[in-house]
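Beneath this line is the structure, given in structure tokens, with notes to follow.
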Amino acid sequence: MIGALVFSLGIGYFYSLPYASVLQGGGYRLAVYFRRAKRYIFLSVLHFCLFAAPLILAEVFLHNALKYFVCFFVFIVTSVLLFFLARSMRVHVTVTDRLVRLLITATLLSAVIVLPTYGTPLTLLCAALPALAPIVLPLAALILSPFERRNNRRYIRAASERLRSVPIRIGITGSYGKTTVKVFLDRLLSAGCDILATPANYNTPLGIAKTVQTMNDGTEVFIAEMGARRTGDISELVEMVRPTEGILTGIAPQHLETFGNIENVMAEKEQLSLAIPSGKVYYNLADERVRELYARRDGAKVGVGYKDADAILSDVAITVKGTSFRLRYKGFDISLDIPLLGRAAAEDFALAATVAIDHGIHAEEIQIVAKRLSVVPHRMEVIHQGGLTVLDDSYNIDPVGAAAALETLSMLPAKRRIVYTSGMVELGAETERLNEGYGIRIGEVCDVALVQTSVYGDAVVRGIEKAGRGTNIIRVRDTEEATALFPSVVGAGDVLLVTADLPRDYLL
């Protein structure tokens, strides 16, 4: 059975990947893991039925060549099954040193569990090893946790100390718009100084620390996107970065599974401004919850909004080619055209432009940057395919952003307006109500709705039906099935909005 042990360890590695994805996606927090990993428990049952049980039965009841033929057949079937599962489950893991350490430890732990049984009747247990992946993986994470915590603290502390040499450190937080504002601000300020911004959505202490490793000694401005999934996350980030300025983009009922309610979300986002007693904090006053935090701040502040603001945004016009608007601030009256769609894009650029004006960037330079902007991928990214227009907003998964995307869709000329969505997650007790409200708005705007089959999608469908406009509803299992249907559903002159494309582990 040594061969079976070796093969089981290999099979176990592949069966571990979905669970590793859940662990990694939850920041290696075991409470989050056990809440989500149950979606993959069918893998263990599948393994035991198709791999472990036949192998054990063959070892007990068969002999000579027939036994080895059956074992070989089982191995082949399992390998083919894994190949197709990997393609259909859309499991995503980012290969990091920590993940490699975790998988190696889990493999060694599996071997330690089974090797003492070699030469005894219990040797057959090795065939069932992959079925133990849901337990072995978090156990390996628990064993490694003291080392990982110590290693992370050292890594973060070194990055924090190095950041002290950067004179201007800007923190950006909010439930939505963080990445977009960061990208805009990076482009606006980069012409005038040596600047470094966290890439993509690197918005955790380790993501920021990884960015600092690439920093030049002469860096003058550091821009840190700051994400939060639970109380205390922003406090940890501001302690690390010690921002001299801050930007608050917007607040939405997001991550309510961990925050509990919207008041806790607001209190968490406010930690950024509380950590900047003397520097300026910029607020998106188009968001009423942000306006409330703006009113509470005693220190230096700048509000950007459509009314009762320090920087006034007006004359917003949206076409399929982009968005135009005016920004008035500190005597400047700037007409801006950006090749991006929606009020949200205008508000995000206005925030970044206001910060840039305070840093000495001239109006002409801001206009040039505005015209040369490129879309942040998957955030209202416009794709023209023949006569079809696709709005890729698949990274947008909060209620405010989803509503803004539908507003933009409603303003564009179209033969038919079509949406593909999987619903919104991590909304806690508000999940059903908010998804149903989202569905009502879809029903008001869209002629066709492709909705993924899930508890979130079910609530969206109920909302669409309540709207009572006769929207054609098409249920799909996942993105792959929806993509296969697009050619037969959409046509020339249609506008297709793709929003809230969930990872597979939310939908099982």
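The values are calculated or read from the model by the stated rules, or taken from the named source; none is laboratory data. Keep in mind that this is a model prediction, so the values were computed, not measured. Reconstructed Cβ throughout: ideal geometry from the backbone, glycine too, with neighbour counts over all protein chains shown.
All conditions in (1) loosely packed, with under 15 Cβ neighbours inside 10 Å; (2) touching a helix residue (DSSP H, G or I) at 6+ places or on another chain (Cβ under 8 Å); (3) assigned to a strand (DSSP E or B) hold for E292, with the sole exception of (3).
Taking the numbered list (1) surrounded by 15 or more Cβ atoms within 10 Å (Cβ to Cβ); (2) at pLDDT 75 or above in turn, A52 passes all entries but (2).
Among the conditions (1) part of a loop (DSSP other than H, G, I, E, B); (2) crowded, with 23+ Cβ neighbours inside 10 Å, Y438 misses just one, which is (1). If you go through region 149-196 and keep only what is loosely packed, with under 15 Cβ neighbours inside 10 Å and in contact with a helix residue (DSSP H, G or I) (Cβ under 7 Å, 6 or more places away or on another chain), you end up with just A191. The residues on offer are I170, I234, and the sole one that is in contact with a Lys or Arg (Cβ under 9 Å, 6 or more places away or on another chain) and more than 25 Å from G428 (Cα to Cα) is I170. Take the conditions under 17 Å from T173 (Cα atoms), crowded, with 18+ Cβ neighbours inside 10 Å, within 31 Å of the chain's Cα centre (by Cα) and not hydroxyl-bearing (S, T, Y) and apply them to A353. Does it pass? When the stated conditions are applied, A353 passes them.
State which residue is farthest from S190 (Cα to Cα) when the search covers only region 360-386 and only residues that are touching a Gly at 6+ places or on another chain (Cβ under 7 Å) and modelled with pLDDT of 90 or more. Result: G360.
Considering (1) under 25 Å from D287 (Cβ atoms); (2) touching a residue at least 24 places away in the same chain (Cβ under 8 Å), the lone condition that K415 does not fulfil carries the number (1). At pLDDT below 95, touching a Lys or Arg at 6+ places or on another chain (Cβ under 9 Å) and surrounded by fewer than 19 Cβ atoms within 10 Å (Cβ to Cβ): does that describe L508? Answer is yes for this residue.
Among the residues of region 227-242, those identified as within 13 Å of T173 (Cα to Cα) and assigned to a loop (DSSP other than H, G, I, E, B) are G227, A228, R229.
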